[in-house]
Structure formats: structure tokens, C-alpha cells
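All of the numbers you see were taken from the coordinates with simple rules; none came from a lab. Note that the structure is predicted; figures quoted are calculated from it, not measured. Note that each Cβ is placed from the backbone with ideal geometry, even for glycine, and that neighbours are counted across all protein chains shown.
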Amino acid sequence: MALTERQASELAYHRERARTQTSILNQPFSWDVINHPSRRWWNAYWQMYAYLVTLNLKGKRALVVGCGYGEDALRLAKLGADVYAFDLSSDSVSIAGALAEREGLNIVFAVMPAETMTYDNDFFDVVIARDILHHVDIPRTINEIFRVSKCDALFLANEIYSHSFTDKVRHSILVERVIYPRMQTFIYGRGKPYITEHERKLTEQDIQKIVKPLRKVVFKKYFNFLVTRIIPDRYDYFSKIDRLLLILLRPIAPFLAGRILFSGHIKK
Ligand SMILES: C[S@@+](CC[C@H](N)C(=O)[O-])C[C@H]1O[C@@H](n2cnc3c(N)ncnc32)[C@H](O)[C@@H]1O
């Protein structure tokens, strides 16, 4: 398959990363987030499952876009969905496949770019995109998601986000050259930050374009004001305050947040 420059670069990065992640297969898989989803109410990932567990997914055909090592695919399968999942990286998909086999779950995995999916039209009841849209060509991927979804299918996204104004501040010379290098180790720890060359946070304009063709937006929630930006997410105490702040400042949350969780039904 002929890849764009961006896809080739993403593939090279994630292929390399997958080589360092094979220990996942020696660790137990955690089902906490589907068994006790409200436990970490301040966290977007747990909130996503707090919503997913309220749906009846039994027998629903669900797609996980850019599935990585398969965490969401496995969890959706455990919730009873017929899961299809794909990623650009065959190395990641093989880890996901091995995990699913180990957990006794039947999931249909594939390797392909999100911009050119091979699924039939009108095939899925549910589509989940977590931390993937900021790695892809958004218009092409959204076109594909809409094409492969049934009319009224549920679309759920959980993505890194920044208002374009906040993003400008983040990429100002002062932050880029002076503040960020000094904060990097505190935020990400000693390891190399997991950031690819071509990824870019979704802006309010991206969200507007994605949400526009939805028949109904079920919810739109904003997370991570200071957490993950200047405060690491390992401090639950700060994460809770951060989430409460964004709830209190709801009208201006789109300017402040660093992550968005939203869902809607696809109109055809
Ligand atoms: C940050 S990871 C997220 C993985 C998974 N969704 C999760 O949240 O654990 C980004 C993933 O996107 C995949 N990816 C990057 N570009 C892609 C593309 N054009 N099509 C499909 N997958 C892509 C990468 O291989 C990687 O697995």
C-alpha cells in the first residue's frame, strides 16, 4: 500500500515504539475501567467508559479506529460488541491480536490507514476514535468513518485538544524555547515524550467540522486544563481540582482544555 509522507512517518515511529512494548503481553489485562468506570470521574478515559457501559453493546458492530495495542477493542468485546479494529502499524496490531487471543476474545483485526478503510459502506453501529484523529488526515478519515457507519451510528471521540489561541501561546518562542524545555521532565518524567513528528492537537475548528455532520451531539466534555500541560497526570488530587475547575468554568472550557470527549449520532 502506498503511504503518504505523514503515514510513513507515523508507521516508522509506531513500529519502533511497538518493539519496546512487547512486555504488555506478560502483564495482566486490566478490566477496572469497565467494572468501576466512575472511580476516576476526573479522567476522560474513565468518563468515556462510564458512558460506554450505559449502552447496550451486545451484538452491535463496533469499530476501533487506530487501535494501537487493542485496549479499547478488548474492552468493547468484553462489553458484548462484535469488534473490528485496525491500525496502520502491523506491529501494534500483532500485540493487540495476541492480547485478544490470550483473553479469549474474538476480534477482527486489520492493518490499514484510517484515510482509506476497506470496510463496506454502512457497516458499523458504533465507531470509537481515541487518540487517533490527531495523528491522521482528519477530513479524509472523517469521510471514511461516515462512509462505513450506518445511519444513526454512534460516534465517540476522545482526543488531545487545544483551542487555536492556546496553541499559539504554547508554540510562542517563550514557551517553546524557555518554559517547555524546563517543564518537560516534570510533566513527562525521564522517558522520551510520546509525540510524533506530524501529530497536532485538534482545534475548535476541527471539532466544529467533525461535529457538524452529526445528527445529534449527545455530549461534549472538556478535560485537562493544567494537568498534562504543566502538571503531570500522576497527582490525582490536582487532577480532581483541574476537572472541577473546568466544570465550574464550563462557558470558557473550550479555551482552556487540553482534551475533549464527545459523542454524537451520524446523520446520513
Ligand atoms: C497515540 S496511539 C493511540 C492508539 C489507541 N487508539 C489508544 O488510544 O491506545 C496512535 C495510533 O495511531 C496509529 N496511526 C497513526 N496514523 C495512522 C493512520 N493514518 N491510520 C491508522 N492508524 C494510524 C498509530 O500506529 C498508533 O497506534
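Between residue 22 and residue 182, how high is the FRET efficiency from 1/(1 + (r/R0)^6) when r is the Cβ-Cβ distance and R₀ = 45 Å? Nearest 0.05. Mind showing how you got there, number by number?
Values: r = 34 Å, r/R0 = 0.75.
So the FRET efficiency works out to roughly 0.85.
Taking Cα centroids, how far is the stretch 194-228 from the stretch 51-111 in Å? Answer, in whole Å: 22.
Residues whose amide H lies under 5 Å from that of residue 61, counting only those 5 or more places away or on a different chain, are 82, 125, 126; hydrogens are built 1.01 Å from N in the peptide plane. Applying a DSSP loop filter and a limit of 16 other Cβ atoms within 10 Å to the chymotrypsin sites (Phe, Trp or Tyr not before Pro) in the stretch 176-268 leaves 194, 235.
Rounded if a/c is under 1.5, else prolate if a/b beats b/c, else oblate: with a ≥ b ≥ c from the C-alpha gyration tensor eigenvalues square-rooted, which is the chain?
Verdict is rounded for the chain.
Along the stretch 178-187 the Karplus relation, 6.51 cos²θ - 1.76 cosθ + 1.60 evaluated at θ = phi - 60°, assigns HN-Hα couplings of 10, 6, 4, x, 6, 8, 3, 5, 4, 6 Hz to successive residues, with x for each Gly and Pro.
Annotation for the stretch 98-176: GluC sites (Glu not before Pro) lying in DSSP loop with at most 16 further Cβ atoms inside 10 Å of their Cβ are 103. Taking Cα atoms only, the orientation of helix 236-248 departs from the longest principal axis of the chain by about 90 degrees.
Which value in deg cm²/dmol, rounded to the nearest 500, describes the helix-derived mean residue ellipticity at 222 nm for the chain, given -39,500 (n - 2.57) per DSSP H run of n ≥ 4 and division by the residue count? After summing the helix terms and dividing by residue count, I get -10500 deg cm²/dmol. Approximating the spin labels as points 7 Å out from Cα along Cα→Cβ, the residue 219-to-residue 122 distance works out to 3.1 nm. Residues in the stretch 143-148 carry Karplus couplings, in order, of 4, 5, 4, 5, 4, 7 Hz; the curve used is 6.51 cos²θ - 1.76 cosθ + 1.60 with θ = phi - 60°, and Gly or Pro positions show x. Amide H contacts under 5 Å for residue 110: 85, 86, 87, restricted to partners 5 or more places along the chain or on a different chain, H placed in the peptide plane at 1.01 Å from N.
Computed extension length for residue 165-residue 101: 18.5 nm, one decimal, from 0.36 nm per residue of separation with the Cα-Cα distance subtracted. Backbone phi angles across the stretch 102-112, fed through the Karplus curve with coefficients 6.51, -1.76 and 1.60 (θ = phi - 60°), yield HN-Hα couplings of 4, 8, x, 10, 9, 10, 8, 9, 8, 10, 5 Hz in residue order; Gly and Pro are listed as x. Once C-alpha pairs closer than 8 Å and six or more residues apart are averaged by separation and normalised to the residue number of the stretch 5-266, the relative contact order reads 19 percent. Suppose we keep just the DSSP beta bridges with both residues in the chain; what percent of those would be antiparallel, to 5? Here the share of antiparallel DSSP bridges comes out near 40 percent.
Compared with the dominant Cα axis of the chain, that is its longest principal axis, helix 5-19 is turned about 90°. Computed about the Cα centre, the dipole magnitude for the chain is approximately 900 debye when only Lys and Arg (+1) and Asp and Glu (-1) carry charge, each at its Cβ.
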